[in-house]
1. With charges set only on the Cβ (+1 for Lys and Arg, -1 for Asp and Glu), what does the dipole of segment 20-106 come to about its Cα centre, in debye to the nearest 20?
2. Could you tally the net charge around Arg252, taking each other residue with its Cβ under 14 Å from the Cβ of Arg252, Lys/Arg +1 and Asp/Glu -1?
3. Using R₀ = 22 Å, calculate the FRET efficiency as 1/(1 + (r/R₀)^6) where r is the Cβ-Cβ separation of Thr361 and Arg339; round to 0.05.
4. With springs only between Cα atoms under 10 Å, which of Ser335, Ser276, Ser243 fluctuates most in a Gaussian network model of the chain?
5. Can you classify the chain as rounded, prolate or oblate using the Cα gyration tensor, where a ≥ b ≥ c are the square roots of its eigenvalues, rounded means a/c under 1.5, and otherwise it's prolate if a/b beats b/c and oblate if not?
6. Report, in debye and to the nearest 20, how large the dipole of segment 110-193 comes out about its Cα centre when Lys and Arg carry +1 and Asp and Glu carry -1 on their Cβ.
7. Go through segment 141-221 and name the GluC sites (Glu not before Pro) that are in a DSSP coil and have 10 or fewer other Cβ atoms within 10 Å of their Cβ.
8. Which residue, chosen from Pro134, Ser94, Ala213, occupies the Cα position most advanced towards the positive end of the dipole of the chain, where the dipole is computed from +1 (Lys, Arg) and -1 (Asp, Glu) charges on Cβ about the Cα centre?
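What follows draws every value from the coordinates through simple rules; no lab data is involved. This one's a predicted model, so the numbers in the text were calculated from it and none came from an experiment. In this analysis, Cβ positions are derived from the backbone assuming ideal geometry, glycine residues included, and neighbour counts consider all displayed protein chains.
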Amino acid sequence: MVVLAAVLLAVTGSSASALDLETDVQPLPGEVGTPYTFQFKGEEGCLPYRFKYLNGTVPPGLRITEEGLLTGTPTEAGTFSFWVALDDSVDCMSLQSQGEFTMIVLPDLAVTTTSLPPAVPGTPYSVQLQFSNPEVGWPVIWDITQGSLPLGLTLSETGVISGTPTGPDAKSFVVRAREPFRRFGERELTLTVAAALQARSAVRAGEVGLRYAGSVPATGGLQSLTWSVASGALPPGLALNPSTGAISGVPRAAGIFALTFAVSDAAGQRATVPASIRIAARLTIATARLPLATVGESYRARLASNGGLAPTQWRIVRGTLPRGIRLDRRTGVLSGVVREAGSFRITVRATDRLGGFSTRTLTLVVRS
């Protein structure tokens with residue numbers, strides 16, 4: 001706040017003339033919350049002068065000293081009238097001089113804007129700053145006393161921050177609202193220009209019954225970000241976290257699901273991302289029986305599967321194949337020349353790239 005200049009009036013006196021408390025010069029207006037000092041004036045009589053409060057209402061927060069200072073920090077607005085007495089040196093035997101004074105205390109001129117909405121690069125921006133307690137007849141002029149605005153923005157004398165920011169930025173600065181030669185108020189503000197909001201899809205294929213994890217990463221923008229599904233729908237069993245953009249759950253239905261994600265930031269930016277999520281049916285082994293084999297003859301049989309996501313790996317988890325036959329783990333093909341007869345019971349397992357698996361027990365009969 002501007003400290004109102006103390007009115008320092010020369011105190012003069014004479015032992016030969018009557019003591020007089022000057023009331024022609026009244027205290028200048030003060031402002032709530034702003035330190036204030038005013039010097040009462042005496043004339044004639046003999047030095048030193050002694051001032052004191054008689055009656056009436058001194059503005060709350062101010063006091064009158066014996067040296068004739070009306071000083072302090074006003075705490076209440078209004079018009080206040082009070083009487084002051086002036087005595088001089090006891091050697092002069094002068095009569096006490098009294099006078100009435102009136103002081104106006106103006107309400108605090110304050111910047112009431114406490115925060116600024118964020119800006120977006122390349123997007124026109126305009127915000128009117130606000131203040132309280134204007135006084136009729138006095139214009140309020142705005143300026144910046146410390147710091148600076150982001151590039152592309154300016155502050156007008158009427159308190160409008162406007163322009164088109166050129167890029168991501170964050171600036172703190174002090175704005176001042178002032179009356180010419182009188183009150184003013186200041187406040188530190190911060191204006192953030194968010195980076196352009198961008199998002200991409202990081203979804204992947206899933207499988208019914210297997211836990212799924214995907215995401216919609218976003219960069220730039222102004223925190224906090226919010227994710228949503230703008231169109232279409234997620235596969236049944238999956239959900240989008242609106243605070244992180246994570247997609248999780250256990251899919252319950254197979255298919256290809258087309259949808260569009262949206263990401264919004266605190267600056268009002270919005271980015272959309274088209275995506276397609278494929279959910280495969282649960283992996284199962286389709287082969288129900290193996291063809292007969294004959295000792296000494298070549299044998300070939302392919303194990304088949306349905307669903308899942310390739311590639312599929314095969315292995316025998318229980319039992320053994322007849323001598324001469326082997327299982328290709330990549331293709332699921334049983335092949336070779338059989339060297340022994342019998343009935344061979346095996347349990348095979350198929351595992352896909354997501355870790356889904358299926359097992360089935362089969363019997364390979366070899367004739368002699």
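1. 340 debye
2. +1
3. 0.45
4. Ser335
5. Details: a/c = 6.96, a/b = 4.82, b/c = 1.44.
In terms of gyration-tensor shape, prolate.
6. Numbers: 6 positive and 7 negative charges, 16 e Å.
My answer is approximately 80 debye.
7. The qualifying sites are Glu157.
8. Ala213
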